[in-house]
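Let me begin by presenting the structure, written as structure tokens, before commenting on it.
The values are calculated or read from the model by the stated rules, or taken from the named source; none is laboratory data. Just so it is clear, the model here is predicted, and its values are computed rather than measured. In this analysis, Cβ positions are derived from the backbone assuming ideal geometry, glycine residues included, and neighbour counts consider all displayed protein chains. Just so you know, the surface numbers come from the protein's heavy atoms only, side chains and all, with ligands and any DNA or RNA stripped out. Shrake-Rupley method; radii C 1.70, N 1.55, O 1.52, S 1.80 Å.
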Amino acid sequence: MNVLIINCGSSSLKFQLIDSKTESVLAKGLCERIGIDGQFTYAPANGIKETSQKPMPTHDEAIQYVLASLTDKKNGVIESLEEIDAVGHRVVHGGEYFSKATLITDEVMEAIDKCSDLAPLHNPANLIGIRACQKAMPNVPMSAVFDTAFHQTMPPKAYLYAIPYKYYEKYKIRKYGFHGTSHSYVSQRLAEYMQRPADKTKTIVCHLGNGASVTAIENGRSVATSMGFTPLAGLAMGTRCGSIDVAIVEYLANKENLDLEGVLDILNKESGVLGLSDGLSSDFRDLFEASKAGNKKAEQAIEAFCYNVARYVGQYVAVMNGVDSIVFTAGIGENVPGVRSRVCAYLEYLGINLNITENRRRGEECLISTPDSKVKVWVIPTNEELAIARETVALL
Ligand code: AMP
């Protein structure tokens, strides 16, 4: 079965065509600057990656380019659209409506729309992508796979904020958590790897990318996660501040003569390790290079990031009353041994012993703790597209 995975942003659309039997990627690509001028990148598995300028006033045109490329006589990977059996859409917010992936119906679209209030930048874009695909492929079944769904198993003590309860009832203000597809995929992959049923495990997954979150997964279910009502909460990230004292918002607004939007812009786009390094970079490659060259702010940013990850891991050990495995994933988690070793240095009290040689490996599945380490530490590359393809196939 061929499953087309679609991940829509407000002005972008990422796609992958996956053969679900072999779980191989047949082709992938990206439409950027939709509604501006339009740039299209297409990479067939056995061909050459090409980028070209294409007019894309809306997501409808973007989808047309995707489908035309996939079926192109020269660079295409399928003969006709008949060979696309299903489409899986990444949807950011499922609110309290969705605790798992679902086939898309009119009612489902309505519920996704109702969650737009909670994710105003993402859900409307996801809906535009769904509608564009429905227009181009009216008879193909489609699924919605939600970033929030995996965390719907959190108990009230983990998801309620200590604000008047009526605001939870009236506005559904609560912790939702994000990166759920990644946390779920990685924890399942770990259970397979360990040949141990997921329902007998206590795992902490550290998804450390430009956006970053830590999740406590007990017996295969999310019981606590670091992101909150929005993806701004929790860890300090690439450019996001993570959890801070909310009173800073008013104070900063007054001092800098900014409105709320202006302050939130700073907290979303100029903070995190970018802010800590005094605007140097949000990318750990740059930060490590600068730190090696003696830049103290870069060093401080790296250390603060690792300290925060360790702090959340510590919290989640308490939440689960123990931990068997800690997993690192996403761009930083998979590729930066220096972050993993610094995080684990804070966790020696758990009996963690890192295997320094194994910890040098990047971007591959591996155990990086020593055989006598009381808690196992792993690197498991995430694969959200494959997870969406699997969920879609399961639904069909
Ligand atoms: P993601 O959001 O998961 O794509 O992660 C992106 C981030 O991962 C980048 O901003 C970098 O900080 C980090 N990253 C990715 N690859 C590497 C690498 N090879 N070395 C160091 N950092 C990396």
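If you scan region 247-286, which residues turn out to be open to solvent by less than 30 Å² (accessible area, probe 1.4 Å) and either more than 22 Å from the chain's Cα centre (by Cα) or charged (D, E, K, R) (or both)? Correct list: Ala253, Gly262, Val263, Ser277.
Annotation: Val343 fulfils all but one of (1) farther than 22 Å from Asp199 by Cα; (2) assigned to a strand (DSSP E or B); the unmet one is (2).
The condition (being open to solvent by less than 20 Å² (accessible area, probe 1.4 Å) and either at pLDDT 95 or above or touching a helix residue (DSSP H, G or I) at 6+ places or on another chain (Cβ under 8 Å) (or both)) is satisfied by just one residue among Ala68, Ala101: Ala101.
Residue-by-condition table, conditions (1) within 16 Å of the ligand (Cβ to nearest atom); (2) aliphatic (A, V, I, L, M); (3) touching a helix residue (DSSP H, G or I) at 6+ places or on another chain (Cβ under 9 Å); (4) modelled with pLDDT of 95 or more:
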| position | (1), (2), (3), (4) |
| --- | --- |
| Leu235 | yes, yes, yes, yes |
| Gly242 | yes, no, yes, yes |
| Glu250 | no, no, yes, yes |
| Leu260 | no, yes, yes, yes |
| Glu270 | yes, no, no, yes |
| Leu276 | yes, yes, yes, yes |
| Phe284 | yes, no, yes, yes |
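Considering region 42-143, the qualifying helices (runs of 4 or more DSSP H), each wholly inside and each with 1 or more residues that are touching a Phe, Trp or Tyr at 6+ places or on another chain (Cβ under 8 Å), touching a residue at least 60 places away in the same chain (Cβ under 8 Å) and of a type in the set (A, V, I, L, M), run over 59-70. Would you confirm whether or not region 227-245 contains a residue that is in a strand (DSSP E or B) and touching a residue at least 40 places away in the same chain (Cβ under 8 Å)? Among the residues of region 227-245, not one is in a strand (DSSP E or B) and touching a residue at least 40 places away in the same chain (Cβ under 8 Å), which makes the answer no. Residue under question is Gly38, and the condition is that it be at positive phi and open to solvent by less than 50 Å² (accessible area, probe 1.4 Å); does it hold? The answer is yes for Gly38. As for region 359-367, it holds at least one residue that is over 21 Å from Thr201 (Cβ atoms), within 13 Å of the ligand (Cβ to nearest atom) and among the acidic types (Asp, Glu).
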